[in-house]
Every structure is written in C-alpha cells, then in structure tokens.
1. Find the residue count for the stretch 117-150, including only residues that are closer than 24 Å to Asn25 by Cα and in contact (Cβ under 8 Å) with a residue 12 or more places away in the chain.
2. Taking the stretch 74-84 as the search range and keeping residues that are in contact (Cβ under 8 Å) with a residue 60 or more places away in the chain and out of contact with any Pro (no Cβ under 8 Å at 6 or more places or on another chain), which one is nearest to the ligand (Cβ to nearest atom)?
3. Pick from Val68, Val34, Val50, Val91: which is within 29 Å of Lys156 (Cα to Cα), within 16 Å of the chain's Cα centre (by Cα) and within 9 Å of the ligand (Cβ to nearest atom)?
4. Does Ala61 satisfy being more than 12 Å from the ligand (Cβ to nearest atom), buried (at least 18 other Cβ atoms within 10 Å of the Cβ) and either free of Cβ contacts under 8 Å to residues at least 12 places away in the same chain or farther than 14 Å from Glu29 by Cβ (or both)?
5. Return a yes/no flag: does the stretch 108-128 have any residue that is away from the ligand (no atom under 13 Å from the Cβ), surrounded by 13 or more Cβ atoms within 10 Å (Cβ to Cβ) and assigned to a helix (DSSP H, G or I).
6. For the stretch 91-107: of the residues being out of contact with any strand residue (DSSP E or B) (no Cβ under 6 Å at 6 or more places or on another chain) and closer than 23 Å to Ile12 by Cβ, which is surrounded by the most Cβ atoms within 10 Å (Cβ to Cβ)?
7. Which of the following residues is out of contact with any His (no Cβ under 9 Å at 6 or more places or on another chain), within 9 Å of the ligand (Cβ to nearest atom) and closer than 24 Å to Arg134 by Cα: Tyr14, Tyr99?
8. For Asp55, state whether it is under 12 Å from the mean Cα position of the chain (by Cα) and under 26 Å from Glu157 (Cβ atoms).
Amino acid sequence: MKALYPGSFDPITYGHLDILERAANLFDEVVITVAVNTRKESVFTAEERVQIIQDAIKDKAWGNKVKVDSFTGLLVEHAKKSNVQTLIRGVRQLSDFEYEFRMALMNRRLAPDIDTVFLMPREELTFVSATLVREVAYWGGDLSQFVPPHVETLIKEKFKK
Ligand code: PNS
C-alpha cells in the first residue's frame with residue numbers, strides 16, 4: 001500500500017525524517033509531498049524544499065521506498081490523482097492534535113475514501129518544529145541536533161542575505 005506524507009517542510013527536520021522512516025517501514029511506498037502556495041510565507045521555495053528532502057533521504061536504507069513531489073490546491077485532490085488512500089501526519093504533542101483532528105475530519109468529509117494515519121516521532125524530537133528551527137537559524141544558533149548538516153548550511157545562508 002502507498003501513503004502520502006504532506007507538509008510544508010520549510011525545512012525538513014529530524015522530526016519529519018523520523019516520521020518518514022516510520023511510514024516507509026509501514027507502507028510499500030511513501031510519497032512525501034511539499035505543499036506549494038499555501039498561504040504561509042516560506043523561507044525555501046518549493047523546488048528548494050523538494051531538493052533538500054531528496055538530499056536528506058538519498059543515503060537512507062529506506063530511501064528507495066520514498067518519492068518526493070509537490071502539490072498545490074487541496075491535498076485530497078492530489079491524493080486522488082496519485083492513487084493514494086492514506087495520508088500520514090506526525091503528531092508531537094497534544095497541542096498538535098486539535099488542528100490535526102480538524103484537518104483529518106475535513107479531508108475525510110471532502111474525500112470519504114481517504115484516511116489519515118497519525119505517527120509519533122521519537123520522544124526527544126517531540127519539541128522540534130520547522131518554525132523553531134527557523135527561529136534558531138535566524139539568530140545563528142546551533143541546529144545540528146534538529147536538522148541534517150546540509151539543511152543547517154542552507155538555512156543559515158538564507159538568513160545571512
Ligand atoms: O507542515 P504543515 O504546514 O503543518 O502542513 C499542512 C498542510 C500543507 C498539509 C495543509 O495545510 C494542507 O494540506 N494544505 C493544502 C490545502 C488543504 O487541502 N487543506 C486541508 C483541508 S482544509
């Protein structure tokens with residue numbers, strides 16, 4: 001079975017990669033899909049986010065089970081076009097759950113055949129978010145525990161400009 005793992009991934013963190021690995025162990029194929037043109041402003045363009053993910057997974061043992069793409073518009077429409085009935089979302093703590101629950105139920109209302117599966121990352125990654133990574137990067141802090149080395153280099157370059 002195939003699953004779709006959507007998100008902004010601006011940038012991908014070790015938390016996302018933990019979820020992606022768990023999904024790759026559960027499903028035959030996982031497509032990690034970058035949301036383009038969400039109403040959020042992003043640090044990296046969609047093309048950059050896709051490339052960063054490709055570089056992050058290329059040496060992983062489970063990397064061959066993962067494809068990377070991007071989408072605009074409604075996630076469930078992208079899922080239908082991709083022939084996928086399962087969406088993956090990571091939940092870190094209770095505060096994530098309310099938003100995730102609402103989104104999963106809205107997606108289900110829009111596309112009753114599509115279900116959302118929630119996965120939890122390793123406990124030590126439960127506080128890691130792309131938002132906080134951007135904040136630490138902005139102020140020049142050490143990101144080595146939160147993102148792969150190439151992500152740290154690229155995000156720091158962005159904020160130097
Ligand atoms: O990493 P994020 O920002 O929490 O990801 C949220 C994302 C991109 C998965 C979500 O906002 C999304 O699916 N956006 C596309 C529009 C849509 O289908 N929204 C859900 C139904 S309301």
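The values are calculated or read from the model by the stated rules, or taken from the named source; none is laboratory data. None of these values were measured; they are calculated from a predicted model. FYI the Cβ positions are ideal-geometry reconstructions off the backbone, even for glycines, and counts take in every protein chain you see.
1. The number of residues fulfilling the criteria is 16.
2. Among residues in the stretch 74-84 that are in contact (Cβ under 8 Å) with a residue 60 or more places away in the chain and out of contact with any Pro (no Cβ under 8 Å at 6 or more places or on another chain), the one nearest to the ligand (Cβ to nearest atom) is Ala79.
3. Among Val68, Val34, Val50, Val91, only Val34 is within 29 Å of Lys156 (Cα to Cα), within 16 Å of the chain's Cα centre (by Cα) and within 9 Å of the ligand (Cβ to nearest atom).
4. no
5. yes
6. Top of the filtered list is Asn107.
7. Of Tyr14, Tyr99, the one residue that is out of contact with any His (no Cβ under 9 Å at 6 or more places or on another chain), within 9 Å of the ligand (Cβ to nearest atom) and closer than 24 Å to Arg134 by Cα is Tyr99.
8. Here the answer is no, as Asp55 does not meet what is asked.
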